[in-house]
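This report refers to the structure that appears directly beneath it.
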Amino acid sequence: GSLGKGFSDVSQCCYLLHPELLIPDLLVVGAGLAGGLLALEAADSGAKVCIISTAPMATPISYGGVQLAAIEQWQRLEKRHGFLGLEPAELLLYWLEDQKPNIPPGAQRLAPSQWRGLEPLLVDAPLGGVVAMPYARVDPLVLTEKLTKALAAAGVQQRNLLLQGLLLEEGVVRGCKTKAGEEILAQHTVLAAGAATAPLLASIGCSLPLLDCSWAALLQLEAGLLDDFFCGEASDQPKAIVMPMELKRMERERSTSGAQLVCDGGIAPWGNAKVFGQASFFGESIGQIDKPNPAVMRAGLIEAAKSLLPQQLWPSLAELPMALQPVAFSRDGLALVGPISRFKGLSVFTAFSAAFSLVPGLAPVLAAAILDPKRSMEALSNLELLPERLPAI
């Protein structure tokens, strides 16, 4: 029979009779690498997914390095969703003349002519040595562009909103509320929002023992600046990612005290140009995310650059564009992945180190655990990444 005037629209009728039908199964807060791949996995499993981009993410300023074990996972994603930026790369790990290297298994030690050939910007670098490791990379700029299209093709609703906090009702997280007062509802909410994760948790009185954040900065070496170094570079040569053997940032993240600013000298492709270094600024106390003075970050990067980049580039360093973003990290170096037991309907997916290697493998595990907890939660628990774990004593 007829449903009467005003009910010719089937979707409106369904909403009035069963409003829960239009509430997404999954709300993902954060549209960077972690949030985007998690949303794709959930949508591929048949879930209705909404993803919210809350602020600029750190994904575009990543080096995008992919360890060999993760290449197959990226290939699986590209088979389903098209080209996402995966390409061959060489990982060059260096140490300085006054350092003793701890060379990892499988590394190939290179002669100076070899590493200078792979990365001409190292031509004058006074290095103690360099080893090459099997590697790949996902171009972060390509991924940022392609991910939006892949999410749309998968049927994921994408919104760009400023959030006020989470919606909590009798111990259940129902979604989130925007600063404009709109309520975004979902059956389950995942915070994959990087440094914005902690403030969103704080909106419901929750904090995680290991979750912290810092500010990261790098210099963008514009293409024209590098013409003299790369005019003869072979187009089919794998792109090189240069990193120090020992990362000061990783050591500092595992400590509750130490220098506020640490700088690692590294070089990575970035579109048609390159990026240099990572300066990391840490708060005086855990959880502090006040923005540092950009001049302090730039000074640290310039000092690191002078130990690695050719001297003829030094005068340009003060004028180069600098990217500055807050990033989340975990105090034990392991990601925070899984549900928050204090609340129903809430999980986190954040604080990754080597995110481009880890996220493609962890996203389907978390998606399965959310969508089918009885069958899949054991697999997630076995990873020992559950977010409420305590710091090791």
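The values are calculated or read from the model by the stated rules, or taken from the named source; none is laboratory data. No experiment lies behind these values; they were computed from the predicted model shown. When we count neighbours, we look across all protein chains shown, and the Cβ atoms used for this are built from the backbone with ideal geometry, even at glycine. Please note that ligands, DNA and RNA were not included when accessible areas were found on the heavy atoms of the full protein model with its side chains. Shrake-Rupley method; radii C 1.70, N 1.55, O 1.52, S 1.80 Å.
Results, tabulated for the structure shown:
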{"quantity": "Derived scalar couplings ³J(HN,Hα) [the range 317-325; Karplus, 6.51 cos²θ - 1.76 cosθ + 1.60; whole Hz; x for Gly, Pro]", "calculated": "5, 5, 9, 5, x, 10, 8, 9, 9"}
{"quantity": "Residues whose placed amide H lies under 5 Å from that of residue 139, excluding near-sequence neighbours", "calculated": "86, 87"}
{"quantity": "Candidates 123, 29, 242: whichever shows maximal mean-square fluctuation once the chain is modelled as a Gaussian network with Cα springs under 10 Å", "calculated": "123"}
{"quantity": "Label-point separation, residue 272 to residue 98 (7 Å along Cα→Cβ), nm", "calculated": "4.1 nm"}
{"quantity": "Principal-axis tilt of helix 294-305 within the chain, Cα atoms, nearest 10 degrees", "calculated": "40 degrees"}
{"quantity": "log10 of Debye I(q)/I(0), alpha-carbon scatterers only, for the range 91-154 at 0.14, 0.24 Å⁻¹", "calculated": "-0.56, -1.00"}
{"quantity": "The chain: calculated mean residue ellipticity at 222 nm from DSSP helix runs of at least 4, using -39500 (n - 2.57)", "calculated": "-8000 deg cm²/dmol"}
{"quantity": "Spin-label model distance (nm) - residue 251 vs residue 108, 7 Å beyond Cα toward Cβ", "calculated": "2.9 nm"}
{"quantity": "Label-point separation in nm, residue 145 to residue 223, each point 7 Å along Cα→Cβ", "calculated": "1.1 nm"}
{"quantity": "Carbon plus sulfur fraction of accessible area for the chain, probe 1.4 Å, in percent", "calculated": "53 percent"}
{"quantity": "Net charge dipole size for the range 259-325 [Lys, Arg +1 and Asp, Glu -1 on Cβ; Debye, nearest 20]", "calculated": "180 debye"}
{"quantity": "In degrees, nearest ten, helix 140-153 long axis to first principal axis of the chain (Cα)", "calculated": "20 degrees"}
{"quantity": "Backbone HN-Hα couplings from phi across the range 248-259 [Karplus 6.51/-1.76/1.60, Hz, Gly and Pro as x]", "calculated": "4, 4, 5, 5, 5, 4, 8, 10, 8, 8, x, 4"}
{"quantity": "Per residue, in Å², the accessible surface of the range 28-162 once ligands and nucleic acids are set aside, probe 1.4 Å", "calculated": "45 Å²"}
{"quantity": "The chain: mean projected area of Cα convex hull, nm²", "calculated": "23.0 nm²"}
{"quantity": "Additional length obtainable on full extension of the chain from residue 341 to residue 259, 0.36 nm per residue less Cα span", "calculated": "26.1 nm"}
{"quantity": "Interchain or long-range residues, amide H under 5 Å from residue 129's placed H", "calculated": "95"}
{"quantity": "Accessible area per residue, Å², the range 176-279 with all protein chains present, probe 1.4 Å", "calculated": "42 Å²"}
{"quantity": "GluC sites (Glu not before Pro) lying in DSSP loop within the range 33-137, provided at most 10 other Cβ fall within 10 Å", "calculated": "97"}
{"quantity": "Listed residue pairs exceeding 22 Å between alpha carbons, taken from 79/274; 239/274; 149/239; 48/149; 177/374", "calculated": "79/274; 149/239; 177/374"}
{"quantity": "Principal axis box of the range 118-204, alpha-carbon based, largest edge first, Å", "calculated": "61, 33, 24"}
{"quantity": "Residues whose placed amide H lies under 5 Å from that of residue 48, excluding near-sequence neighbours", "calculated": "25, 26"}
{"quantity": "Ellipsoid equivalent to the range 313-393 - semi-axes via the Cα gyration tensor, in Å", "calculated": "34, 14, 12"}
{"quantity": "Relative contact order computed over the chain (Cα-Cα under 8 Å; 6+ residues apart), in percent", "calculated": "21 percent"}
{"quantity": "When the convex hull of its Cα atoms is projected in every direction, mean area for the range 223-368 (nm²)", "calculated": "11.7 nm²"}
{"quantity": "Separation of alpha-carbon centers, the range 316-393 and the range 131-169, rounded to whole Å", "calculated": "15 Å"}
{"quantity": "Sites residue 83 and residue 296 - FRET efficiency at Förster radius 35 Å, r taken between beta-carbons, to 0.05", "calculated": "0.35"}
{"quantity": "³J(HN,Hα), Karplus 6.51/-1.76/1.60, whole Hz, each residue of the range 379-389, x for Gly, Pro", "calculated": "4, 5, 4, 5, 6, 6, 10, 4, x, 8, 4"}
{"quantity": "Residues of the range 309-393: accessible area per residue with a 1.4 Å probe, Å²", "calculated": "47 Å²"}
{"quantity": "In degrees, nearest ten, helix 355-371 long axis to first principal axis of the chain (Cα)", "calculated": "10 degrees"}
{"quantity": "Kirkwood hydrodynamic radius over Cα pairs of the range 154-267, then Stokes diffusion coefficient at 20 °C and 1.002 mPa s, in µm²/s", "calculated": "114 µm²/s"}
